[in-house]
Amino acid sequence: MNKDELIQQLSQQMKLVRAEYGYTQEEMAEKLGISKKTLVQIEKGRQKASWTIVVALCALFANSSFLQHALGGDPLEVVQTIAHTHCEWHKPKTWGGKVWWIEKERRGGFILQQNIISRHYRILDEEQRRWYSSFDKEYMEERFDELTQPNHKEK
């Protein structure tokens, strides 16, 4: 998934998220910092949301079941991974990938997973804390190899 694909996907989800939270168009537009006219255009599919609107949507509505299902988990993780290309996390605990993740490899106390929807990768430790995320498979395999070396020291 890239930035354009994310914008397309979330532009289509905006009305569902608004309904999930019980907001009127005026209220939702205010939350996102846009005009009601812009929101209506996005909801009707006449216009795509901007990157800024998508980031605001993910930040403000990260717990939305519609966003989580559309993106295969934490919307902020997907946005941050797209924005930064590669992310080194400060070890936040996850749910362990029970729903949207395929385990690619398990070694030396770490797990390399791939999201079945967004297709990005992440590395978790045995306590389900996230260490890295990226859409770049080669980069993630290198990080995984580094973490699973016998002389690796935890940061």
How about region 62-87: which of its residues are over 10 Å from the mean Cα position of the chain (by Cα) and closer than 30 Å to R143 by Cβ? N63, S64, H69, A83, H84, T85, H86, C87
Read through the list (1) polar (S, T, N, Q); (2) modelled with pLDDT under 90; (3) under 20 Å from Q8 (Cα atoms), then give the number of the only condition that Q68 fails. (2)
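Out of the residues in region 49-63 that are in contact with a Leu (Cβ under 8 Å, 6 or more places away or on another chain) and not β-branched (V, I, T), which is surrounded by the fewest Cβ atoms within 10 Å (Cβ to Cβ)?
Step one: of region 49-63, the residues in contact with a Leu (Cβ under 8 Å, 6 or more places away or on another chain) are 49, 53-54, 56-62.
Checking the rest, the ones that are also not β-branched (V, I, T) come to 49, 56-62.
On the way: A49: 25, A56: 17, L57: 25, C58: 22, A59: 11, L60: 16, F61: 23, A62: 14.
The qualifying residue surrounded by the fewest Cβ atoms within 10 Å (Cβ to Cβ) is A59.
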Within the set of pairs 6 or more residues apart or between chains, which connect a residue that is closer than 18 Å to P75 by Cα inside region 125-138 to a residue that is part of a strand (DSSP E or B) and modelled with pLDDT of 90 or more with Cβ atoms less than 6 Å apart? R130/R122; R130/L124; W131/I123; Y132/I123; S133/R122; S134/Y121
How many residues of region 7-36 are more than 20 Å from the chain's Cα centre (by Cα) and over 14 Å from I53 (Cα atoms)? The answer is 7
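The values are calculated or read from the model by the stated rules, or taken from the named source; none is laboratory data. Keep in mind that this is a model prediction, so the values were computed, not measured. Cβ atoms come from the backbone with ideal geometry, glycine included; neighbour counts cover every protein chain shown.
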